[in-house]
Amino acid sequence: MEFSERLRNLRAERKETQVQVADAVGISARQYQGLEGGTSVPNFYNLCALADHFGVTLDYLAGRTDER
């Protein structure tokens with residue numbers, strides 16, 4: 001599973017909007033849209049913030065494993 005798809009699925013599980021997640025991790029809604037849309041990738045710090053927000057490992061978020 002690609003990063004953008006995994007990100008969308010995690011957000012849907014928590015029933016959050018893109019704006020809510022963006023605010024929670026300290027990025028703009030536009031930046032977050034790019035992540036979900038697959039047009040950009042996060043820097044390391046934002047990747048860590050997203051993993052922390054969703055309570056998953058970096059490897060899971062990056063699509064390297066199915067183990068959360």
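The values are calculated or read from the model by the stated rules, or taken from the named source; none is laboratory data. A quick note: this is a predicted structure, and the numbers were derived from the prediction, not measured. Please note that ligands, DNA and RNA were not included when accessible areas were found on the heavy atoms of the full protein model with its side chains. Shrake-Rupley method; radii C 1.70, N 1.55, O 1.52, S 1.80 Å.
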From the phi of every residue in region 8-15, what ³J(HN,Hα) in whole Hz does the Karplus formula 6.51 cos²θ - 1.76 cosθ + 1.60 yield, where θ is phi - 60° and glycine or proline is x? 4, 5, 5, 5, 5, 4, 8, 6
Considering only protein heavy atoms and a 1.4 Å probe, what is the carbon-and-sulfur percentage of the accessible area of the chain? 46
Using Stokes-Einstein with the Kirkwood hydrodynamic radius over Cα pairs, what translational diffusion coefficient do you get for the chain at 10 °C and a viscosity of 1.306 mPa s, in µm²/s rounded to a whole number? 137
Work out from phi, with θ = phi - 60° and the Karplus expression 6.51 cos²θ - 1.76 cosθ + 1.60, the ³J(HN,Hα) of each residue of region 26-43, listed in order in whole Hz, and give x for Gly and Pro. x, 10, 6, 4, 5, 4, 5, 4, x, 5, 5, x, x, 9, 8, 10, x, 6
C-alpha long axis of helix 44-54 to longest principal axis of the chain, angle in °: 80
Accessible surface of residue 16 in the full protein assembly, 1.4 angstrom probe, to the nearest 10 Å²? 40
For 32, 45, give me the order by solvent-accessible area with a 1.4 Å probe, most accessible first, ignoring ligands, DNA and RNA. 45, 32
Per residue, how much accessible surface does the chain expose to a 1.4 Å probe? Answer in Å², no decimals. 63
At 222 nm, what helix-only mean residue ellipticity would the chain give, in deg cm²/dmol to the nearest 500, using -39500 (n - 2.57) for each DSSP H run of four or more? -18000 deg cm²/dmol
